[in-house]
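Chemist: Got a structure here, written out as structure tokens. Questions coming.
The values are calculated or read from the model by the stated rules, or taken from the named source; none is laboratory data. Keep in mind that this is a model prediction, so the values were computed, not measured. Positions of Cβ are backbone-derived with ideal geometry, glycine not excepted, and every protein chain shown enters the neighbour counts. To get the accessible areas, we keep the full protein, side chains included, count just its heavy atoms, and leave off ligands, DNA and RNA. Shrake-Rupley method; radii C 1.70, N 1.55, O 1.52, S 1.80 Å.
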Amino acid sequence: MSEPTLKLGCVEQAIAGGIDPLTPPISVSRNGSLAKWRDKIQLLDLRVNDPGLTRFRSAFEDILEKARTLGIEVIVTLPEAVPEFFEPPPPKPEEPKAAKPARPARESKEEREARHAREAEAARAARKLRPYGKPIPVIPVTYFKPSYLAVPRSLPEPDTFRTLSVEECLPILDLAARFGLRHVVVPVSEPGLFLDPGAGEELRAKLKTLTAVARDKGLSLHLRNGGLRLDLFKKLQRETGCRLAFNAGIADLERFDLTGTYATFGDQIEIVYLQQVLPGIDKWKTRREAMAAGIKRYRAALAEYKAAGPAAADQRGKGTPLGNLLRSWHDYQEACTNPNFNLGLFQSGDINPVPLLRAIKADLDAGRERLIVVETVPNIKNAEFLGRHLLPEAFTGTL
């Protein structure tokens, strides 16, 4: 029996803007260098969150060059969370150190206790002047705006999404071809946000152009599920020859049968994403909506603070422009926390991956290639778990 053609990889998602839209970062660059994970992964999913490569081209080129040097294959994913940057709150001014008052050679017990009480009261008064005690880092406030080739027309606030143009994708395809890559993943929509007929037609028109360009460059396009109706995928696959990048976590959120969907579209699936999520599309939507509302409040508070002029920096406390700005900054940081998604593979949540892994193993045994992307913070235990369920005992390759 020939050895299965299996490549295991991780996500690199914390390049554009230096911050990760999922929090915590799921990337090898932030959790150890690519060299550290050499011989443990053979694949990297590079999320190119920079439409048109107008700002961070060199950073993506550096990752591609490093991966090529290490013999790691790269999948490129088109933009789906484009960073917007806002000015951060001003850093806390340094308080001059007060000269210690001269103490008498000897203090009575009463004098010493009175002095300690005065110092404690002064410290409490100083703390009340600061809306929050934590220091503010002087880095841009980053908001990741969802970006897709087509956005449903029925959205109550369509400006919270960004529509990606074909022209913004072409430089990314050029970059992938220049480095000799094979696969490009196209995110369709958010989990549970299914494309309506109008958005489906827009996706169809753009995809026809992109697949023609990709084919000329030796690239294969893979639509990633999430807001993708399966009947729409069948239509697009017939017309363009695109394939399906199957994300098990998103399929679970949308209540698809994992093994049934994989079996139905197995001939069109080469890339599989595995991660653990908690049940409930409401939690996914709640976090995104909280982030969108939080950045709107921060933008308003920043405008108020800047309109107040230089004097606002000295006006501290609740209700002041600076106080409102700091409060909105902390509220936005709290909204960005991610307690429910990408926490680990199979350790928490409701997915039982074993039946899906058995179906994947059957395809591997039949000689089909599978690219498995572990969409979590890199962890060696994930590779060990997958190896137990996907590889035959006689397997001699590296995983």
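Chemist: Mind jotting down a quarter of the surface of the convex hull over the alpha carbons of segment 179-219, in square nanometres, one decimal? Walk me through the intermediate numbers first.
Modeler: Values: hull surface 13.7 nm².
If I average the Cα hull's projected area over directions, I get 3.4 nm².
Chemist: Solvent-accessible area per residue for segment 257-346 at a 1.4 Å probe radius, Å²? Before the final figure, lay out each step's value.
Modeler: Working: 4100 Å² over 90 residues.
With all protein chains present, segment 257-346 gives 46 Å² per residue.
Chemist: What's the magnitude of the charge dipole for segment 136-294 around its Cα centre, counting Lys and Arg as +1 and Asp and Glu as -1 at the beta-carbon? Answer in Debye, nearest 20.
Modeler: 240 debye
Chemist: Working out 0.36 nm times the residue gap between residue 230 and residue 362, then minus their Cα-Cα distance, what length gain in nm do you get to one decimal? Show your work: numbers first, answer last.
Modeler: On the way: separation 132, 0.36 × 132 = 47.52 nm, distance 2.30 nm.
The span from residue 230 to residue 362 would gain 45.2 nm if fully extended.
Chemist: Going by amide H atoms built from the backbone, whose H comes under 5 Å of the H on residue 75, apart from near neighbours?
Modeler: Excluding prolines and chain starts, which carry no amide H, the hits are 44, 45, 46.
Chemist: Of the listed peptides 309-319, 147-157, 218-228, what is their order by residue-averaged count of other C-beta atoms within 10 Å, with the highest listed first? Spell out each step's value before the answer.
Modeler: Working: 309-319: 11.2, 147-157: 17.2, 218-228: 20.6.
Top of the packing list down: 218-228, 147-157, 309-319.
Chemist: In a shell of Cβ-Cβ distance under 9 Å around residue 220, excluding residue 220 itself, what net charge do Lys and Arg (+1) and Asp and Glu (-1) give? Don't jump to the answer; show the numbers that get you there.
Modeler: Working: positive: 182, 215, 243; negative: 270.
Around residue 220, the surrounding residues sum to +2.
Chemist: Further, regarding this structure: Would you mind getting me the FRET efficiency between residue 65 and residue 38? Use the beta-carbon distance for r and R0 = 25 Å, nearest 0.05.
Modeler: It comes out at approximately 0.95.
Chemist: Still on this structure, I have one more. Please report how many Lys pairs in segment 140-278 have alpha carbons closer than 23 angstrom, counting only residues at least 8 apart along the chain or sitting on separate chains. Kindly include the intermediate steps, with their values, before the conclusion.
Modeler: Working: 145/206; 206/217; 206/234; 206/235; 208/217; 208/234; 208/235.
Final tally of qualifying lysine pairs is 7.
Chemist: Return the long-range amide H neighbours of residue 162 (sequence gap of 5 or more, or a different chain), with a cut-off of under 5 Å between placed amide H atoms.
Modeler: Amide H neighbours of residue 162: 147, 148.
Chemist: Label residue 337 and residue 282 with points 7 Å out from Cα along Cα→Cβ: what is the distance between them in nm?
Modeler: Placing both labels 7 Å along Cα→Cβ, they lie 2.0 nm apart.
Chemist: Quick one: how many Å² of residue 381 are accessible to a 1.4 Å probe, rounded to 10?
Modeler: 130 Å²
Chemist: Please give the solvent-accessible surface of residue 37 in Å², to the nearest 10, using a probe radius of 1.4 Å with every protein chain present.
Modeler: 20 Å²
Chemist: Another question about this same structure. At a Förster distance of 41 Å, what's the computed FRET efficiency of residue 117 paired with residue 58, Cβ-Cβ distance as r, to 0.05?
Modeler: Details: r = 59 Å, r/R0 = 1.43.
Efficiency computed from Cβ-Cβ geometry: 0.10.
Chemist: Turning to a different aspect of this structure: What are the ³J(HN,Hα) values, in whole Hz, obtained from phi via the Karplus relation 6.51 cos²θ - 1.76 cosθ + 1.60 with θ = phi - 60°, for each residue of segment 224-237 in sequence order, with x given for Gly and Pro?
Modeler: 3J(HN,Hα) across segment 224-237, in whole Hz: 9, 5, x, x, 10, 5, 5, 5, 5, 4, 4, 5, 5, 5.
Chemist: Follow-up question, since we're still on this one. Determine which residues of segment 224-259 fall in the zone a paramagnetic label at residue 196 would reach in this model, i.e. backbone nitrogen under 18 Å from the point 7 Å along Cα→Cβ.
Modeler: The answer is 227-229, 232.
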